[in-house]
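Here the structure is laid out as structure tokens; the discussion comes afterwards.
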Amino acid sequence: MPSKNFVLGIFGGGQLGKLLTIAAKKLKIKTCIYTNSIDSPAIYYADDFIIGSYLDKKKLNIFIKKVSIITFEFENIPFSILKNLEKNIPIFPKPEILRTLQNRISEKFFLNNIKIKTTKFKKLKRNKLKFLDNNFFPILAKTINFGYDGKGQTFFKNKSEIIKHKFPNDQYILEKIVNFTKEISVIIVAYENKIFAYEPIENLHSEQILRQSISPARINSNINEKAKTIAIRIAKRLNYRGVMCVEYFLKKNGDLLVNEIAPRVHNSGHLTLDSYNVSQFESHIRSVCNLQPIQPKKIKNAVMKNALGKNIYKFRERKSSNKEFFYDYGKMYVTEKRKLGHLTKVY
Ligand code: ADP
Ligand code: MG
């Protein structure tokens, strides 16, 4: 059990930070949020917070004096900053892991090196576009770093389309479009000596944004086992600590390709709040703070829907039954497709 003066520092103040903070409170762990935006719902729930740029050395110094260990709720913190902070304070998951996974190319190299399949990809070279194979299309161009919720992604049907496109630089990955039958994700929690997997979750996206998650995923037991085994293998190889999510494309022939890995709690795992004995948020706090491990057990089936942009108003108006759980993140700004809340139905 951490000491009385123990404070968990969390980088990022969005809904994931908020739900982590609430889980920490339940476990009597104090939290301090560091965020670069005043529109950060987590700051209202944390014991303390700092608003500042992730590059502001002075504020970061104040932050590390306040906290005992650091974790993060989003991936886009510069590695050099975390590496520096790590000299003085433990950070979980390790910054080295974040460095590998926050770059879509090094993430895929890591996976392919340990014989885990991914989508076919190439790094963009603007002066070599005419040499691309026609069979490589259709593709999605994604920024190598800093993408989320489909941001920084452009679809190209064929070579002539991409040749006409003006990319500002070469910092893009080109990914062949996968003709998948389903998208699924597996959330794992890695403690010092134990790794547990939640059951695979089925995810429905539109315009590259998650709309709906279904638990358990409607897949056969082979695929179910395979998805959990791959996620655990990845966590072991990374010597991981905390909650991690692996997103997969399932193909018709049963192949599972890893789309991406999130070294943090994940939107598809929100339904664990109301359908498991222990939520992904509590699991993450328990593992990074070295508390007693709890094996996740599904106690109900669930469907989670995201409330995006102006849709939040409809969600706020509707009456929830006793099988429905509505989470309003309490963000200030309602912008198009921004994740503002979610509703989970259990059955
Ligand atoms: P983000 O970091 O924005 O979540 P993803 O790479 O996960 O980026 O892309 C978001 C969604 O876009 C995926 O969940 C999937 O629905 C779709 N997508 C991304 N890459 C591919 C691909 N290579 N083939 C088919 N669909 C894709
Ligand atoms: Mg994704």
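The values are calculated or read from the model by the stated rules, or taken from the named source; none is laboratory data. Values in this document were obtained by computation on a predicted structure and should not be read as measured data. Neighbour counts run over all protein chains shown; Cβ positions are idealised from the backbone, glycine included. Accessible surface areas use protein heavy atoms only, side chains included; no ligands, DNA or RNA. Shrake-Rupley method; radii C 1.70, N 1.55, O 1.52, S 1.80 Å.
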Checklist entry - Separation between the residue 317 and residue 105 pseudo-spin-labels, each 7 Å from Cα along Cα→Cβ, expressed in nm? => result 4.9
Checklist outcome for this item: Quick calc, residue 233 & residue 160: beta-carbon distance into FRET formula, R0 45 Å, rounding 0.05, result 0.65
Next on the checklist: How big is the dipole moment of the chain about its Cα centre under a simple scheme where the beta carbon of each Lys and Arg is +1, that of each Asp and Glu is -1, and everything else is neutral? Debye, nearest 20, please.
Outcome noted: 500
Next on the checklist: Apply the a/c threshold of 1.5 to the C-alpha gyration tensor of the range 279-347 and tell me whether it is rounded, prolate or oblate.
Outcome noted: oblate
Checklist entry - For the chain, list the DSSP H helices whose alpha carbon atoms reach 15 Å or more along the long axis and whose average Kyte-Doolittle value is 0.0 or above? => result 15-26
Checklist entry - What is the local net charge at residue 64, summed over the other residues whose Cβ is closer than 14 Å to its Cβ (Lys, Arg +1; Asp, Glu -1)? => result +4
Checklist entry - Got a sec? What order do 334, 346 fall in by accessible area at 1.4 Å, biggest, i.e. largest, first? => result 334, 346
Checklist outcome for this item: For 114-121, 158-165, ranked highest to lowest by mean beta-carbon neighbours within 10 Å, the order is 114-121, 158-165
Item to check | the range 21-143: relative contact order as a whole-number percent, Cα under 8 Å and 6+ apart | outcome: 14
Checklist entry - For the peptides 228-240, 264-276, 178-190, what is the packing order when you average, over each peptide's residues, the other Cβ atoms within 10 Å and list the highest mean first? => result 264-276, 178-190, 228-240
Item to check | Considering only the chain, percent of DSSP beta bridges that pair antiparallel, nearest 5 | outcome: 80
Item to check | Contact order normalised by residue count of the chain, Cα under 8 Å, 6+ apart, percent | outcome: 15
Checklist outcome for this item: Within the under-13-Å Cβ sphere about residue 180, not counting residue 180, Lys/Arg +1 and Asp/Glu -1 give a net charge of 0
Checklist entry - So what is the 222 nm mean residue ellipticity for the chain from helices alone, if each DSSP H run of at least 4 adds -39500 (n - 2.57) and you divide by all residues, rounding to the nearest 500 deg cm²/dmol? => result -7500 deg cm²/dmol
Checklist entry - If the chain between residue 290 and residue 127 were fully stretched, how many nm would it gain, using 0.36 nm times the residue separation less the Cα-Cα distance? => result 53.7 nm
Next on the checklist: Using amide H atoms built in the peptide plane, which far-off residues or other-chain residues are under 5 Å from residue 172 H to H?
Outcome noted: 124, 144
Checklist entry - Which sequence of 204, 55, 210 reflects their accessible areas, 1.4 Å probe, from the largest down? => result 55, 204, 210
Checklist entry - Once Lys and Arg get +1 and Asp and Glu get -1 on their Cβ, which of 240, 78, 131 lies farthest toward the positive end of the dipole of the chain? => result 131
Checklist entry - How much length is gained if the chain between residue 66 and residue 324 is pulled fully straight, taking 0.36 nm per residue apart and subtracting their Cα-Cα distance, in nm to one decimal? => result 89.1 nm
Next on the checklist: Amide H of residue 310 versus every other amide H placed in the peptide plane: which residues, excluding those fewer than 5 positions away on the same chain, fall under 5 Å?
Outcome noted: 337
Checklist entry - Can you give me the relative contact order of the range 154-231 as a percent, contacts being Cα pairs under 8 Å and 6 or more apart? => result 22
Item to check | Exposure rank, largest accessible area first [345, 28; 1.4 Å] | outcome: 28, 345
Checklist entry - All other residues with a Cβ under 14 Å from the Cβ of residue 146 taken together, and with Lys, Arg as +1 and Asp, Glu as -1, what is their net charge? => result 0
